Amino acid sequence: MAALGNAKTRAEEVVARCKRLASFSEDPGSTRRTFLSPAMHECHRELTKWLEDVGAEVTVDAAGNLRGFYASAQSGAPRLLLGSHLDTIPNAGAYDGVLGVVLGVGLLEALEGRRLPFGLEVVGFSEEEGVRFGTPFIGSRALVGGLDEELLNRRDVNGISVRGAIEGFGLNAAEVPRAVLADDALAFLEFHIEQGPVLESLGLPLGVVEAIAAQIRMEFVFQGRANHAGTTPMHLRHDALAAAAEWIVAVERTAHTQPGLVATVAQIEAKPGAVNVIAGEARVTLDLRHESDALCARTAEVIVQLAEEIVERRGLKLRQSVLLNQKRVAMDALLVGQIEEALRGIGCAPHRMVSGAGHDAMILAEKVPSAMIFLRSPGGISHDPAESVQVEDVAKALQCGQHLLDQLASSSELQKRMCRA
Ligand SMILES: [Zn+2]
């Protein structure tokens, strides 16, 4: 176990490296690094240097994921994956995704040449944000065999396909199946900034993610009757926008009735959209999330009923459709328990939380035991250049990671149980 003073120095280095990687961008003056853009070459070059310096063997798989393998002392040993994504949104901060990869490098360095009973693979996923192709998780999907023909043929705004982007980066799309995790994958661990205000409000540096929330996205169309805004008395109107507005407030009220439930209406389109015409149609979206699939589904029903009551009373019609029904993804219980133990070991309260946002660990969980550790986001700010982390929290994350690796290394029973999971 490295001394605590070391962790602080390493944490400062981790933060400096994240800032350095943020300078590799498609846009001058701000960070934007989408799937296999030229800036990703520079990002890979830098990470490769750090990984090779610590004795890892670096490759880039056919989906553009950077993979640095730090071998075990024993041949044929399983491997533990550590990582997150290297792509960013436009005008990004320096830590979303990148921090999880750079922390992986920091954990290899903290071993100071020591080898574990399992190998460690640091993964920098090529794509998570969905910016370039309008669909997220291209990198992590390749590891679970989900980068299929349909996805490879998807095109960006310039007409370049995922396959074309892969070839353009100097990789061979025919080798995508070789990116899939082999049977030796023990588990996946992802460090990520929380991107929300919860840990800060609790005064905690770290949290352990026990699940990624269930999510339902719907579209509602309120159909009323367009008419003259000057000549139609109030009691004879069928105003679609007023109905939608009443419903939006009811949705907000409903979300307040259950702890952990979040409901958002963020898009609205009214037709015909003229200042002197009563809206004949209002189209609105709903984004609903909770850790429980059942509660999410039940709430969606309640929200549909609310809309039905409103249109009935106002003499309107309603159409609704489900755009996405993503079930809750549980993180691996054994790994979550081990992270809690590691947190207690470094004097941190082991706070469990549910991630409201999707992450690479959600995809990897299809194939290997997966878990996440969140780092406090100052001000809850993310997806913005003001995104930050505290060096002290990064030091805690490194210590937690070291504890966890030691726990797993000292228990062959634990490794066996994870391999069977
Ligand atoms: Zn992210």
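Listed values, structure above:
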{"quantity": "In region 176-197, residue nearest to Gly76 (Cα to Cα) [restricted to those that are away from the ligand (no atom under 16 Å from the Cβ) and open to solvent by 20 Å² or more (accessible area, probe 1.4 Å)]", "calculated": "Asp184"}
{"quantity": "Failed criterion for Ala73 (all others in (1) within 24 Å of Val389 (Cα to Cα); (2) at pLDDT below 95 hold)", "calculated": "(1)"}
{"quantity": "Where Ala39 falls short, out of the listed (1) in a helix (DSSP H, G or I); (2) more than 20 Å from Ala397 (Cα to Cα); (3) small (Gly, Ala, Ser); (4) in contact (Cβ under 8 Å) with a residue 60 or more places away in the chain", "calculated": "(4)"}
{"quantity": "Any chance Gln223 is open to solvent by 40 Å² or more (accessible area, probe 1.4 Å), touching a strand residue (DSSP E or B) at 6+ places or on another chain (Cβ under 9 Å), within 30 Å of Val394 (Cβ to Cβ) and modelled with pLDDT of 95 or more", "calculated": "no"}
{"quantity": "Leading residue by the ranking (nearest to the ligand (Cβ to nearest atom)) among those in region 96-115 that are open to solvent by less than 10 Å² (accessible area, probe 1.4 Å) and not hydrophobic (A, V, I, L, M, F, W, C)", "calculated": "Gly97"}
{"quantity": "Qualifying positions in region 334-368 - touching a residue at least 40 places away in the same chain (Cβ under 8 Å), away from the ligand (no atom under 16 Å from the Cβ) and assigned to a helix (DSSP H, G or I)", "calculated": "Leu334, Leu335, Val336, Gln338, Ile339, Glu340, Glu341, Ala342, Leu343, Gly345"}
{"quantity": "Qualifying helices (runs of 4 or more DSSP H) (wholly inside region 144-263; at least 3 residues being among the aliphatic types (A, V, I, L, M))", "calculated": "162-168, 198-202, 240-255"}
{"quantity": "Inter-residue pairs, beta-carbon under 8 Å, first under 30 Å from Phe118 (Cβ atoms) and in region 167-185, second exposed (fewer than 12 other Cβ atoms within 10 Å of the Cβ), 6+ apart", "calculated": "Asp184/Gly76"}
{"quantity": "Sole exception among (1) among the acidic types (Asp, Glu); (2) open to solvent by less than 10 Å² (accessible area, probe 1.4 Å); (3) within 27 Å of Ala409 (Cβ to Cβ) for Asp61, by number", "calculated": "(2)"}
{"quantity": "Leu324 open to solvent by 40 Å² or more (accessible area, probe 1.4 Å), under 24 Å from Gly139 (Cβ atoms) and in contact with a strand residue (DSSP E or B) (Cβ under 7 Å, 6 or more places away or on another chain)", "calculated": "yes"}
{"quantity": "Members of region 369-383 found to be surrounded by fewer than 22 Cβ atoms within 10 Å (Cβ to Cβ), more than 13 Å from the ligand (Cβ to nearest atom) and either among the hydroxyl-bearing types (Ser, Thr, Tyr) or in a loop (DSSP other than H, G, I, E, B) (or both), listed by number", "calculated": "Ile381"}
{"quantity": "Residues being open to solvent by 70 Å² or more (accessible area, probe 1.4 Å) and in contact with a strand residue (DSSP E or B) (Cβ under 7 Å, 6 or more places away or on another chain) - total across region 146-175", "calculated": "3"}
{"quantity": "Residue identified as part of a strand (DSSP E or B), of a type outside the set (A, V, I, L, M), in contact (Cβ under 8 Å) with a residue 60 or more places away in the chain and within 16 Å of the ligand (Cβ to nearest atom) among Gly139, Gly124", "calculated": "Gly124"}
{"quantity": "Verdict on Val221 being over 22 Å from the mean Cα position of the chain (by Cα) and of a type in the set (Val, Ile, Thr)", "calculated": "yes"}
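The values are calculated or read from the model by the stated rules, or taken from the named source; none is laboratory data. This one's a predicted model, so the numbers in the text were calculated from it and none came from an experiment. Positions of Cβ are backbone-derived with ideal geometry, glycine not excepted, and every protein chain shown enters the neighbour counts. SASA here: full protein model, heavy atoms, side chains in, ligands and nucleic acids out. Shrake-Rupley method; radii C 1.70, N 1.55, O 1.52, S 1.80 Å.
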